[in-house]
Amino acid sequence: MNIGLDFHDTISYAPEFFKTLIKGWSEGKVYIVTGTPPSKLGEVVKSLEGLDIIKGIDYEDILYG
């Protein structure tokens, strides 16, 4: 089972809870969903890395909504 978590309204609201969920997820892939435009990808990645959530280790990809 794959999950998609919204960055700005979900992960940033309760980062420790969602970091634990993401790092413990073993049922499938984790995707980060954001309404941020693709041109700001670096900012989203940097914010996630600041929370110790790393692409390729903790999540598969970032999806834009």
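Annotations for the structure displayed:
- Amide H within-cut-off set for L51, under 5 Å, with H built and near neighbours excluded: none
- Between L51 and K29, the FRET efficiency estimated from the beta carbon spacing at R0 = 25 angstrom works out to 0.85.
- In the context of the full set of protein chains, residues of the chain present 64 Å² of accessible surface per residue (probe radius 1.4 Å, heavy atoms only).
- Compared with the dominant Cα axis of the chain, that is its longest principal axis, helix 15-24 is turned about 50°.
- Helix axis angle, 41-50 relative to the chain longest principal axis, alpha carbon, degrees: 40 degrees
- Taking the protein heavy atoms of the chain in the context of the full set of protein chains, the accessible area attributed to carbon and sulfur is 56 percent at 1.4 Å.
- Once the Kirkwood radius over Cα pairs is known for the chain, the Stokes-Einstein relation at 20 °C and 1.002 mPa s delivers a diffusion coefficient of 184 µm²/s.
The values are calculated or read from the model by the stated rules, or taken from the named source; none is laboratory data. Bear in mind that the values here come from a model prediction, so they are computed numbers and not experimental data. Cβ: placed from backbone, ideal geometry, glycine included. Neighbour counts: every protein chain shown. Quick note on the areas: whole protein, heavy atoms, side chains included, nothing else; ligands and nucleic acids left out. Shrake-Rupley method; radii C 1.70, N 1.55, O 1.52, S 1.80 Å.
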